[in-house]
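The values are calculated or read from the model by the stated rules, or taken from the named source; none is laboratory data. None of the values given here were measured: they were computed from a predicted structure. Reconstructed Cβ throughout: ideal geometry from the backbone, glycine too, with neighbour counts over all protein chains shown. We work out accessible area using only protein heavy atoms, side chains counted, and drop any ligands, DNA or RNA first. Shrake-Rupley method; radii C 1.70, N 1.55, O 1.52, S 1.80 Å.
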Amino acid sequence: MEAQRLGSYELIARLGMGGMAEVYLARRSGPAGFTKYVAIKRMRSDLTAHQEFVDLFAEEANTASLLTHPNICQVYEFNASDDEYYMVMEYLEGVPVSSVMIKALRKPGWPSLPVIAAIVEQACDGIHYAHDSKDEAGNPLNIVHRDISPPNLLLTSTGVVKLLDFGISKSKQSVVQTMTGQIRGKFSYMSPEQLQSRTLDRRSDIFSLGIVLHELVTGKRLFRRANRLQVYHAITSEPIPLPSES
């Protein structure tokens, strides 16, 4: 069976699928046995006819391409082939922090506090870099990730935490505007301001990472409720329990 190709890359296996795109392990070959493995995020074919989604996908690639940091997944290329849009990223072996969270929920006391601190410290380094990033003229980009959550933090096999998915981030250069009342992201990891569709700055991402830290320490979901309305009230109105009381 002939291997599926996308541009100059051979698609080897699908790694995952989200609302806008599929992610593949891919390989690029060259002379003298040169081989480079990458991850390719390909926009879903049923969305390519909608310019809004194409613009969102391109904006994600453009934002991520400006960020070069050990704790952020690197984007190498954004391209199109036969009306298929895709971005080429570094391939990372590891597990999302959400997998760590699942094990923590089942095994109290794991992971240890030093391990948790190392995970969150690295996540902070990546997020802080994104928040402080500037354009070529030295002007602040004012990036807000808006989707800091366990699935978007990858713990690699070498112990490095990588921040993923700037698909719904906002920055000074953003050209795609979110419709009034439209909320993007994971409800139970949003700040009150994000839930209320208010203007956001870096503090919103810090709040979201605080939820991740709280859950890793306690081994319990902080804002898990029966429905979105209850989540909304819990985040915007209810006092946050101390980790020692959880």
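Flag not set for Gln74, criterion: open to solvent by 80 Å² or more (accessible area, probe 1.4 Å) and touching a strand residue (DSSP E or B) at 6+ places or on another chain (Cβ under 6 Å). Looking across segment 65-89, the residues that are closer than 17 Å to Glu22 by Cβ and in contact (Cβ under 8 Å) with a residue 12 or more places away in the chain come down to Cys73, Val75, Phe78, Asn79, Ser81, Asp83, Glu84, Tyr85, Tyr86, Met87, Val88, Met89. For segment 9-35, a residue qualifies if it is touching a strand residue (DSSP E or B) at 6+ places or on another chain (Cβ under 9 Å), open to solvent by 50 Å² or more (accessible area, probe 1.4 Å) and under 24 Å from Val54 (Cα atoms), and the qualifying residues are Arg14, Leu15, Met17.
When you check Phe166 against the structure, is it hydrophobic (A, V, I, L, M, F, W, C) and either assigned to a helix (DSSP H, G or I) or modelled with pLDDT of 90 or more (or both), yes or no?
Spelling it out, it is not the case that Phe166 is hydrophobic (A, V, I, L, M, F, W, C) and either assigned to a helix (DSSP H, G or I) or modelled with pLDDT of 90 or more (or both).
Residues in segment 118-158 that are among the hydrophobic types (A, V, I, L, M, F, W, C), over 22 Å from Phe223 (Cβ atoms) and in a helix (DSSP H, G or I): Ala118, Ala130. Considering segment 51-66, and only residues there that are among the aliphatic types (A, V, I, L, M) and crowded, with 20+ Cβ neighbours inside 10 Å, the residue that is farthest from Ile127 (Cα to Cα) turns out to be Leu56. Scanning segment 197-227 for residues that are without any contact (Cβ under 8 Å) to a residue 12 or more places away in the chain and either closer than 19 Å to Ile102 by Cα or among the aliphatic types (A, V, I, L, M) (or both) yields Gly210, Ala226.
Of everything in segment 174-198 that is of a type in the set (Gly, Ala, Ser) and not in a helix (DSSP H, G or I), the residue that is modelled with the highest pLDDT is Ser191.
Residues that are farther than 25 Å from Met101 by Cα and open to solvent by 20 Å² or more (accessible area, probe 1.4 Å) within segment 120-137 comprise Asp132, Lys134, Asp135, Glu136, Ala137, listed in sequence order.
Take the residues in segment 1-48 that are of a type in the set (Ser, Thr, Tyr) and out of contact with any Asp or Glu (no Cβ under 8 Å at 6 or more places or on another chain), then tell me which one is farthest from Glu60 (Cα to Cα).
Here the residue is Thr35.
Pairs linking a residue in segment 109-132 that is acidic (Asp, Glu) to a residue that is open to solvent by 70 Å² or more (accessible area, probe 1.4 Å), with Cβ atoms under 8 Å and 6 or more positions apart or on different chains, are Asp125/Pro70. Would you confirm whether or not segment 83-104 contains a residue that is of a type in the set (Gly, Ala, Ser), exposed (fewer than 15 other Cβ atoms within 10 Å of the Cβ) and not in a helix (DSSP H, G or I)? Looking for residues that are of a type in the set (Gly, Ala, Ser), exposed (fewer than 15 other Cβ atoms within 10 Å of the Cβ) and not in a helix (DSSP H, G or I), one finds none in segment 83-104, hence no.
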